[in-house]
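Have a look at the structure below before the remarks.
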Amino acid sequence: MTGRIPRISNVQLDADVQTIRALKGIPDYKPHNPEFSAEAAEAAVERMEATATAVLLAENALAAARTESLLARANVHGVAIGVKDEVTVIYGSDSDQVAAVGLKKKSDRNRPKRNPPKQGE
């Protein structure tokens, strides 16, 4: 088969499998083309089922890998937060080490400013 891969609906595929299964009830079926023998048809169904199983297993492995990746990312984030907390505790909130890990030094923070009362109120 060259070009596009045809998409077969589930309804059509179920009907096709039933057609192939029905060949077991025709003992004298002898096709002219060996590609359409009962054995070849049964092998095609078995191959389809094997590939569907392989796809399912691959999807499950992908889902497990994604979950592992998300957990690893969450762990890195938790460790980074813990490192920042530890640096603050060890060196103080106004140290250069706090700035080195990406936090603002206490002295670099802006103090809250009072808003003057609005005129006309």
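Assorted remarks:
- So I20, is it touching a residue at least 12 places away in the same chain (Cβ under 8 Å) and part of a helix (DSSP H, G or I): yes
- Residue in the stretch 99-109 that is part of a loop (DSSP other than H, G, I, E, B), among the small types (G, A, S) and over 38 Å from the mean Cα position of the chain (by Cα) present: no
- Residue list for the stretch 79-98, filter: outside any helix (DSSP H, G or I) and not polar (S, T, N, Q): G92, D94
- Of G102, G78, all but one fail to be surrounded by 10 or more Cβ atoms within 10 Å (Cβ to Cβ), touching a helix residue (DSSP H, G or I) at 6+ places or on another chain (Cβ under 8 Å) and of a type in the set (G, A, S); the exception is G102.
- Counting only residues that are among the small types (G, A, S) and farther than 30 Å from K106 by Cβ, the stretch 55-88 holds 7 of them.
- Where a residue in the stretch 66-89 is touching a residue at least 12 places away in the same chain (Cβ under 8 Å) and its partner, wherever it lies, is open to solvent by 70 Å² or more (accessible area, probe 1.4 Å), with Cβ under 9 Å and at least six apart: V87/Q97; V87/A100; T88/Q97
- Within the stretch 102-117, residues that are modelled with pLDDT of 80 or more sit with their Cβ atoms under 8 Å from residues that are exposed (fewer than 10 other Cβ atoms within 10 Å of the Cβ) and not hydroxyl-bearing (S, T, Y), at 6+ positions apart or across chains, in these pairs: K105/D96.
- Matching residues, the stretch 26-60, being of a type in the set (A, V, I, L, M, F, W, C) and open to solvent by 100 Å² or more (accessible area, probe 1.4 Å): F36, L57
The values are calculated or read from the model by the stated rules, or taken from the named source; none is laboratory data. Since this is a predicted model, take the numbers as computed values, not measurements. Ideal geometry is used to build each Cβ from the backbone, glycine not excepted, and the neighbour counts take in all protein chains shown. These area figures cover heavy atoms from the full protein model, side chains too; ligands, DNA and RNA do not enter into them. Shrake-Rupley method; radii C 1.70, N 1.55, O 1.52, S 1.80 Å.
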